[in-house]
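Asks: To start, I am sharing the structure in question, which I have written as structure tokens.
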Amino acid sequence: MIGALSRFATLMAGDAQADRVVPPTGFTAHLTLFSAAVMTFLAVFALALSLATGRLAERWSSELARSSTLRISAPVEQIAEQTQAALRVLNTTEGVASARALTAEEQRALLAPWFGPDVPVEDLPIPQLIEIIEDAKGYDAAGLRLRLQAEVPGAVLDDHTRWRRPLVRAASRLRMLGLVSILMIGAAMAAMITLAAQAALAANAQVIAVLRLVGARDIYISNAFVRRFTLRALAGAGAGMVLGALAILLLPAAQDEGGFLTGLGFQGWHWLWPLVLPPAAGAVAFVATRNAAQRSLRSMP
Amino acid sequence: MIELENVAYNYGGGELLSDVTLKVAPGSFHFLTGPSGSGKTTLLKLCYAALIPTSGHATLFDRDVREMDRDGIALARRRIGVVHQDCQFLDHLSIAENVALPLVVSGRDALAEQANLKDLLSWVGLSQRANALPPELSGGERQRAALARAVIMSPDVILADEPTGNVDWDMSQRLLTLLVELNRMGKTVMVATHDLGLIRAAKSQVQARVLRIAARRVQLAGADL
């Protein structure tokens, strides 16, 4: 591993004499720079999407996994009595860490997105909500439902399972999609750099023939191309990363009203993740060019 | 040094060379002659492993070329200087850089060998053209530069394929003199040419063995040369 890194470092450090041997190659240089920049720009977004959905999945699964809601739907004059009865049942239920009735302000806040901030909750026949927090072991939902059915006829237990799981699954899949996108972007970049390297090798067939004639080993010839293409990909990816990070910075900040979409971006040390992309692009270019060069050289005398 | 034993080479379904047996001894001078298309270039390419025999054995420096990997062939070529009729230069490099190319690709410091390079350019009469690009040179200058490149590594063998094909008679004589000088320095030289006048002119300067390719086979040429 150390030997391979040392060889890589030596290759990247370069050799001024060897660098002059391969002539500058116009359009393949621009193609490599451009494709590395664009692909890294897109990879920054895919990375941001992946990290944001990862955070979302984590939040949904951790925040909602331990909580459930009891809804008391009863005539207005019976609401308080049934609420107290439900709280008594819950406080004596094994696996329930705490249970509390939501205040009028909290219920108003829940309804605010639909009815505005000044909705008179007290005057509306809306159900009372009780928030239940489970302990580590959790409670037996079926057993609790039976007890509530007997003692609080207007109570409906919602343990969030029905809608939490699909949401967490969707968030996890979005995260996976982000990661797959990064891999596909890497593969597309590898394909483009391979094409550019093959074009450069084909355009320089005469140069390679002369080098072979005067005793150049394949590794010497391939290194000359690999170094050039790796440095170009690194430079392009560096520019793409900076532009991508700037674009992410310009996105609106996370706000409660905006929900998920405004949370797309990096938070805290996650801003370091884009720095991984240029070396990764360089590594992709290194492998792609080396393979292309070795294949091309093997077909030459 | 270079040995071909019952070598045949086929290309595109046709046999270009057949049953060639040849032993190139160290310090010898060979002319290889025959009409255009007779297989002189093919035979020279077999001698520096640019082609691998279809059958038979080709041996370079006591190693069968079939047993050599690509690196082995590259290393063997550092001991063989090749001069092509079309010279084959890197057009974006100066003549001095082209001549120094074998040093660069073998990992030797061309800057440290500047004195050697200058001497060599002076020997072939190109001191004043060192910084010129290959397309700016005349045919004769290109041939002399190719010869300088072929000998800069002080190879054991020099193979020249029609080195006088694109130059006038005076330049042919000058190139021939350079090749003879190299042979006197102990280098093994093989020159492929269809120019019988050049071979006759060489006879007064060097003891050369003349081989003729006819009907896909190599024969020792007779006293008619």
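Asks: Within the range B:73-88, track down each residue that is facing another protein chain (nearest Cβ under 7 Å) and assigned to a loop (DSSP other than H, G, I, E, B).
Replies: Result: B:R78, B:Q88.
Asks: Count, please, the residues in the range A:17-46 that happen to be away from every other protein chain (no Cβ under 14 Å) and open to solvent by 20 Å² or more (accessible area, probe 1.4 Å).
Replies: 11
Asks: Say whether the condition of being facing another protein chain (nearest Cβ under 8 Å) and out of contact with any Leu (no Cβ under 8 Å at 6 or more places or on another chain) is met by at least one residue in the range B:33-44.
Replies: No, the range B:33-44 contains no residue that is facing another protein chain (nearest Cβ under 8 Å) and out of contact with any Leu (no Cβ under 8 Å at 6 or more places or on another chain).
Asks: I'd like the full set of residues that are part of a loop (DSSP other than H, G, I, E, B), more than 14 Å from every other protein chain (Cβ to nearest Cβ) and under 15 Å from the mean Cα position of the chain (by Cα), limited to the range B:152-185.
Replies: Across the range B:152-185, the qualifying residues are B:E162, B:P163, B:T164, B:G165.
Asks: Quick check on my filter: what residues within the range B:44-72 are part of a loop (DSSP other than H, G, I, E, B) and either at positive phi or open to solvent by less than 30 Å² (accessible area, probe 1.4 Å) (or both)? Break it down into steps so the answer makes sense when it comes.
Replies: Kept after step one, since they are part of a loop (DSSP other than H, G, I, E, B), are these residues of the range B:44-72: B:48-54, B:61-62, B:68-69.
Listed by number, the residues that qualify are B:Y48, B:A49, B:A50, B:P53, B:F61, B:D62, B:M68.
Asks: Let me spell it out: the conditions are (1) among the polar types (S, T, N, Q); (2) within 19 Å of B:T33 (Cα to Cα); (3) assigned to a helix (DSSP H, G or I), and B:N116 meets all of them except one. Which number is the exception?
Replies: It fails just one condition, (2).
Asks: Looking for something closer than 17 Å to A:A74 by Cα, at pLDDT 85 or above and in contact with a strand residue (DSSP E or B) (Cβ under 7 Å, 6 or more places away or on another chain) - is there at least one such residue anywhere in the range A:132-142?
Replies: No: the range A:132-142 contains no residue that is closer than 17 Å to A:A74 by Cα, at pLDDT 85 or above and in contact with a strand residue (DSSP E or B) (Cβ under 7 Å, 6 or more places away or on another chain).
Asks: In the range B:104-127, which residue that is within 9 Å of another protein chain (Cβ to nearest Cβ) and open to solvent by less than 40 Å² (accessible area, probe 1.4 Å) is farthest from the chain's Cα centre (by Cα)?
Replies: Filtering first and then ranking leaves B:A110.
Asks: May I pose another question? Could you check the range A:154-167 and list, in sequence order, the residues that are touching a residue at least 24 places away in the same chain (Cβ under 8 Å), under 23 Å from A:V96 (Cα atoms) and in a helix (DSSP H, G or I)?
Replies: A:R164
Asks: For residues that are within 14 Å of chain A (Cβ to nearest Cβ) and in a loop (DSSP other than H, G, I, E, B), tally how many sit in the range B:132-151.
Replies: Total satisfying the criteria: 1.
The values are calculated or read from the model by the stated rules, or taken from the named source; none is laboratory data. Here the structure is a predicted model, which is why all the values come from computation and not from measurement. Methodologically, a virtual Cβ is constructed for each residue, glycine included, from the backbone with ideal geometry; neighbour enumeration extends over all protein chains shown. Each accessible area value is taken on the protein alone, full model and side chains, heavy atoms only, with ligands, DNA and RNA left out. Shrake-Rupley method; radii C 1.70, N 1.55, O 1.52, S 1.80 Å.
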